[in-house]
Every structure is written in C-alpha cells, then in structure tokens.
Amino acid sequence: MGLFTRRKPKVDHAARIAELDEANRASRSPERDRELLRLRHRAGAEAVKQAPARPELATPAPASPARGAESKCPEITPDELTPELLRAAILEAGCLLVRDLMDDEAALGFADGIERSFATRIALRENGGADGDGFYEEFVPDDPYAIHKRDWIEEGGGVLAVDSPRLFNDMLGAFDEAGLPAVIEGYLGEAPLVSADKCTLRKATPDVTGAWHQDGAFMGDVRALNVWLSLSRCGDEAPGMDLVPTRLDEFVPMGTEGTWLETQVSDAVAEDAAGEIGIVRPIFNPGDALLFDDKFLHQTGSDPSMPKPRYAIESWFFGRSAFPEIYVPLAA
C-alpha cells in the first residue's frame, strides 16, 4: 500500500447532463432518461450543500403587464416574458399568466403521456414487472433523502414527475425550449432547483374538491416560483383554478371555521383577501401557463357538472439558497 489513496475524480454533472440531453434528442433512450434523472438529483444535492447567501430577487419592471379582461391577471405572450416583468406582475397581482407558452399540439400530446403514466402505474401494480418505456418507475433518491407523500399525491389525482423519467425529461426539455430556465434564474437571482416532492403531473376530474391554500404555508422559508402549465382547456368544461389575483405579503389565517385541513384557507377568508378584484376562475387553453410565488392564494376550481378532466403540470422551482429541507432536490 502506498502512502496516498487515489481519490475518485469529481464528476462534472452539468457536462454529463448536457451530453445525455443532446444524445437523447438524437435518439430517445429510456436508459438515458433514468440516468439523467439520477444525475439531476445528485447535482441538486451538491448544489444544496454549497448554497450561497440569498441574492436579491429581480428588480421589477416599471409597470406590471395589463390585466386580462376575463382572467383579471396580468397577461403576456412568451416573447414578452422577462424576469423583471415577472417580478412586477407578482408584486401587483401575485401571478403572471403567459398565454401559449407551449403550443396546443405539444400540450395535448403531453396530456396523453400523463394518461399513459396513470395507466402504466395501474398495470404494474396489477401485473408486476417494469415499464421499459419509462412512463412509470418510482424514483428512489440517494440517502439521506426520501419521498414521503407519494400516496397523498396519488389520492389527489397526480403522479410525481420523477416517477415518470420520460415525462420528467420531456417537461424540462419543453421548459428549456420556452426559455424558462433563464427567466426563472433571473427572477430568483440564482440557478433554480426543482423538487421531487413538488413537481407533479396532474389529472383533475370534475368531482375533485378544491381547498384554498398558499403553498409557502407548508414549505417553510423558501425562495420559490411555481410554473403551473395547463395541458387541456379548463375552467369551463374541465376543472380549472380559482384565483385571488392580488399581492399578499403575508399568509392569511388558516384552519378557521369552514375548513377541514390545518393549512386550508376558508372561503370567507379567501373572499376577504380578494377584495374588490374578487375571486376569478380563468379559462386556460392547452399550453397556457400561470406563474406565481409561494404566497399566492388559489385552489382547484371544479364543478361535478363539468364533462371532462383537466391535465396540467405543477412544477415548483426553488433557489438553492433557501431550498426546503423536507424536499428532494434536482437540478433544473
């Protein structure tokens, strides 16, 4: 034995991720999808360990975008999206509606993929085996991380995006094509991470019951931005989102009369918070995205008479300087 032990070379996760992404675009491989997911998790864990001091959020633009007549939310097109405009909209309305962030065909195709992931989950539980195409495969993070609320997500009509290696990589690829990573990094002031626990592929049926909430109330002290992407028309023929499109600097009272969850906000409190603007249920078309922070007050807006389900992606991005300790990190 020599006096020195040879150290393993440090893995350049970012370079390897870029290499595999390029190879996947040329020829799709379920094995690469799995490796990309694993590498993103390891890169995310390293980023959290090396978290810097909190930078400032983006300087807001001089004015927020005009509110839509029907949505009452600030509305823009994808080519107008900047960190500064996003920050201005959130400071005024708590959210920003980006119409046609994804084109209709791509959005509807992604909805088909979510349906397949649901069906694959059922088939694997009934028949055993594995999914060779990567539409459903439960992700196991490295120690000491663990995913605790998979059953709860399923009960709410969702599949964790990390449990579908193929769709998780499709999602990040679509966001990259839309230029979202640069906008989110500019908004947060640092490179974003996503969480295995708060990135969900959803199918909301008309019988689902909404519950008013602000996500930051149960995420802790974070720097966060949610990209909620509709993959089907919703708000009229399918469950949409009920929104309070106004800036809330604090968390409103939770668990009061008329609620059944400790973190739930009552209808009365939501109506009071909405003020003169009022509560809205916008019509979203396939590919429309709503961006909002952790203090935005919202709920699923449904009615049993609606004839169709709603498909959507809920993807929370976090600055590594304040990533929630309870969640599993992945590089975005």
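Ordering Tyr145, Ser71, Thr59 by Cα displacement along the dipole of the chain toward the positive end leaves Tyr145 in first place; charges were set at the Cβ atoms of Lys, Arg (+1) and Asp, Glu (-1). Inter-label distance, Ala211 to Glu154: 1.9 nm, where each label sits 7 Å from its Cα along the C-beta direction. Helices in the chain, meaning DSSP H runs of at least 4 residues, each add -39500 (n - 2.57). Divided by all residues, the mean residue ellipticity at 222 nm is -10000 deg cm²/dmol. Taking all protein chains into account, the per residue accessible area for the chain stands at 47 Å² (1.4 Å probe). Heavy-atom surface analysis with a 1.4 Å probe gives region 107-200 a carbon and sulfur content of 50 percent of its accessible area. Look at the dipole of region 114-158 built from charges on Cβ: of Gly129, Gly156, Ser117, the Cα furthest out on the positive end belongs to Gly156.
Computed on the Cα trace of region 79-182, the radius of gyration divided by the Kirkwood hydrodynamic radius gives Rg/Rh = 1.05.
Roughly how many debye, to the nearest 20, is the charge dipole of region 275-326 about its Cα centre, given +1 on each Lys and Arg Cβ, -1 on each Asp and Glu Cβ, and no other charges?
For this selection, approximately 160 debye.
Direction-averaged projected area, Cα convex hull, the chain: 19.9 nm², rounded to one decimal. When the chain is treated as a Gaussian network with alpha carbon springs shorter than 10 Å, the biggest mean-square fluctuation among Glu262, Glu185, Glu126 belongs to Glu126. Our estimate of slack between Lys308 and Glu84, defined as 0.36 nm per intervening residue step minus the Cα-Cα distance, is 77.0 nm. Spherically averaged projected area of the convex hull of Cα atoms, region 146-209: 5.7 nm². Largest GNM mean-square fluctuation among Arg310, Arg16, Arg38, using the chain with Cα springs under 10 Å: Arg16. Across Leu172, Leu36, Leu86, mean-square fluctuation computed from a Gaussian network of the chain (C-alpha pairs under 10 Å connected) peaks at Leu172.
Multiplying the residue separation of Ala69 and Asn285 by 0.36 nm and subtracting their alpha-carbon distance yields 76.2 nm. Dividing the radius of gyration of the alpha carbons in region 184-228 by their Kirkwood radius gives 1.02 for Rg/Rh.
Remark: for residue pairs Lys49/Lys198; Lys72/Lys149; Lys72/Lys295, the C-alpha separation exceeds 23 Å in Lys72/Lys149. Given their separation in residues at 0.36 nm each and the Cα-Cα distance between them, Glu250 and Asp176 gain 23.5 nm when the chain is fully extended.
So if R0 is 30 Å, what FRET efficiency would Gln50 and Asp221 give, r being the distance between their Cβ atoms, rounded to the nearest 0.05? Plugging the Cβ-Cβ distance into 1/(1 + (r/R0)^6) gives 0.95.
Think of the chain as a dipole: +1 on every Lys or Arg Cβ, -1 on every Asp or Glu Cβ, centred on the Cα centre; then among Val265, Leu36, Asn226, Leu36 lies furthest on the positive end.
Suppose every Lys and Arg Cβ carries +1 and every Asp and Glu Cβ carries -1, with no other charges. What dipole size does region 1-135 come out with about its Cα centre, to the nearest 20 debye?
Around 1200 debye, computed over region 1-135.
In this Cβ point-charge picture (+1 for Lys and Arg, -1 for Asp and Glu), region 223-332 has a dipole of about 560 debye about its Cα centre. Using all pairs of distinct alpha-carbon atoms, the Kirkwood hydrodynamic radius of region 150-272 works out to 16.6 angstrom.
The values are calculated or read from the model by the stated rules, or taken from the named source; none is laboratory data. Every value quoted in this text rests on a predicted model; they were computed, and no experiment measured them. Positions of Cβ are backbone-derived with ideal geometry, glycine not excepted, and every protein chain shown enters the neighbour counts. What goes into the accessible areas is simple: the full protein's heavy atoms, side chains included, and nothing from ligands, DNA or RNA. Shrake-Rupley method; radii C 1.70, N 1.55, O 1.52, S 1.80 Å.
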